[in-house]
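What follows is one structure encoded as structure tokens, with my remarks underneath.
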Amino acid sequence: MSEGWLERASKVLLDNYFPPRLTLVRGEGCRVYDDAGRSYLDLIGGIAVTTLGHCHPALVHAIREQCGTLMHVSNLYRNTPSVRLAEALAARVPGTRAFFCNSGAEANEAAIKLARRHASTRFGAARHAVVSAEGSFHGRTFAALTATGQPKYREGFEPLVPGFRYVPYGDLAALEAAVGDDVCAVLLEPIQGESGVRVPPPGYLAGAARLCADRGALLVLDEVQTGLGRTGTFLACEAEGILPDVVTLSKSLGGGLALGAMLARGEAAQAFVPGSHASTFGGNPVSCAAALALLKTLDSDNLLSRVRETGEWLQGELRELAARQPKIAGVRGRGLLVAIDLTVPAKPVMLAAEERGFLINAVQEQTLRLAPPFVVTKNELRSFLAALEQILESTAPA
Ligand code: PLP
């Protein structure tokens, strides 16, 4: 039973996570199963990771094959899946070369180091400042944490990394004022995921790209949550017709295995030289083989158009629900990254959904987030919408 695992876990695992109520033991498609055999529709997908659903046969096959062939060599030696994966990413994000690591935070850490090195080689060490946005989330390692524009995550960890400043998200004039000649990089999410799926006004990212080009700073887009088709295009920034100097990816890249990537193009791609940066496991053959299977399946199963279609339909259904249910204050997002603003606390709604067999996430005090697998069906989503309506009906008004 879950209680047994809770007690065992609390004795041996540190307390940095809120203790989960569920212990999950198995997954298949869009469903996961707990240790008591109960099944749940997984509409959060391991926090925007399992885009093909759980244990997709193409992923399982690729991982098994690679495990039986070569699992690890480090970067003292070349491995063929990592070269193939870099080629596959360059085919989708033109002109880029890759550095592979193991997580989103590490990819951003690499991007910050790359930007500092690029600027110091070109302009000297005075140009080292990084501008990021209030409400952003870039990860928990020190530079990524410093770039994260949410004080609650930084509290108690000071002193942080020097040379970071924050601007209100979506405000181009504020960005213009902040990017002086000491700035080496502007780091932005194309849509802010963790702060509640906040979509910037049209033209913001294109404006940021122009500004960076004018002022000699690199535009780094953190597409850790939005990339790889989550918003209906391979990168979310494609919706604005721009390509940043540097883009970071992780989450779904390894199909559920730990993998991150920093892609750089143009001058930025020249900034690292042998010895500049490294990771023992970065680009390990098994994660890269999984990523190759993921990319192939996104194409062969036409999943990006499915994300656009299902995402639009879902937002439409949620808006109809909002018209009947005043506890929904708003619906936001793009593709299959969707937020539902409530007039009541989100956590009890999330827990009630869990009781009814649906996994969703209370991403902010009054905001729910959905990031389902791309293969989720409308019928599966309909069952969730019906449950959500019942839950909100039975929730006391704020
Ligand atoms: N960047 C963004 C936009 C994220 O959403 C996250 C995680 O939620 C990260 C970075 C950090 O990724 P990781 O937890 O893999 O370090």
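The values are calculated or read from the model by the stated rules, or taken from the named source; none is laboratory data. Computed from a predicted structure; not experimentally measured. Cβ coordinates were reconstructed from backbone atoms using ideal geometry, including for glycine residues, and neighbour counts include every protein chain displayed. Note: accessible area is taken over every heavy atom of the protein model, side chains too, but ligands, DNA and RNA are not part of it. Shrake-Rupley method; radii C 1.70, N 1.55, O 1.52, S 1.80 Å.
Side notes on the structure shown:
- When the range 93-114 is filtered for residues that are away from the ligand (no atom under 15 Å from the Cβ) and either surrounded by fewer than 21 Cβ atoms within 10 Å (Cβ to Cβ) or without any contact (Cβ under 8 Å) to a residue 12 or more places away in the chain (or both), the ones remaining, listed by number, are Pro94, Gly95, Arg97, Lys113.
- Residue that is nearest to Leu59 (Cα to Cα), among those in the range 256-268 that are open to solvent by 20 Å² or more (accessible area, probe 1.4 Å) and small (Gly, Ala, Ser): Gly256
- Here His128 clears all of (1) within 16 Å of the ligand (Cβ to nearest atom); (2) closer than 13 Å to Ala217 by Cα; (3) open to solvent by 60 Å² or more (accessible area, probe 1.4 Å) except the condition numbered (1).
- Checked against (1) more than 29 Å from Leu368 (Cα to Cα); (2) open to solvent by 60 Å² or more (accessible area, probe 1.4 Å), Val60 meets all criteria but (2).
- Contact map, the range 115-141: first residue under 19 Å from Val197 (Cα atoms), second residue open to solvent by 80 Å² or more (accessible area, probe 1.4 Å), Cβ cut-off under 7 Å, separation 6 or more or different chains; pairs are Gly135/Arg198.
- Consider the range 232-262 and keep the residues that are small (Gly, Ala, Ser) and farther than 17 Å from Ser82 by Cα. The one that is nearest to the ligand (Cβ to nearest atom) is Ala236.
- Lone unmet requirement of (1) touching a residue at least 12 places away in the same chain (Cβ under 8 Å); (2) hydrophobic (A, V, I, L, M, F, W, C); (3) out of contact with any Phe, Trp or Tyr (no Cβ under 8 Å at 6 or more places or on another chain) for Ala323: (1)
- Yes/no for Val375 being part of a helix (DSSP H, G or I), at pLDDT 95 or above and within 21 Å of Gly193 (Cα to Cα): no
Every residue, every condition in (1) in contact (Cβ under 8 Å) with a residue 24 or more places away in the chain; (2) open to solvent by less than 40 Å² (accessible area, probe 1.4 Å); (3) not in a helix (DSSP H, G or I), yes or no:
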| site | (1), (2), (3) |
| --- | --- |
| Gly275 | no, no, yes |
| Ala278 | yes, no, yes |
| Ala290 | yes, yes, no |
| Arg306 | yes, no, no |
| Glu309 | no, no, no |
| Trp313 | yes, no, no |
| Leu318 | yes, yes, no |
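- Test result for Thr226, within 16 Å of the ligand (Cβ to nearest atom) and part of a loop (DSSP other than H, G, I, E, B): yes
- Qualifying residues in the range 34-48 (those that are more than 16 Å from the ligand (Cβ to nearest atom) and either more than 15 Å from Phe374 (Cβ to Cβ) or part of a helix (DSSP H, G or I) (or both)) - the one most open to solvent (accessible area, probe 1.4 Å): Arg38
- Per the conditions (1) within 16 Å of the ligand (Cβ to nearest atom); (2) buried (at least 16 other Cβ atoms within 10 Å of the Cβ), the sole criterion not satisfied by Phe157 is (2).
- Residue among Asp182, Asp171 that is more than 16 Å from the ligand (Cβ to nearest atom), more than 23 Å from the chain's Cα centre (by Cα) and over 26 Å from Leu298 (Cβ atoms): Asp182
- Of all residues in the range 17-30, those being closer than 21 Å to Val363 by Cα and basic (Lys, Arg) number 1.
- Looking across the range 198-217, the residues that are more than 16 Å from the ligand (Cβ to nearest atom), open to solvent by 10 Å² or more (accessible area, probe 1.4 Å) and not in a helix (DSSP H, G or I) come down to Pro201, Pro202, Gly203, Gly216.
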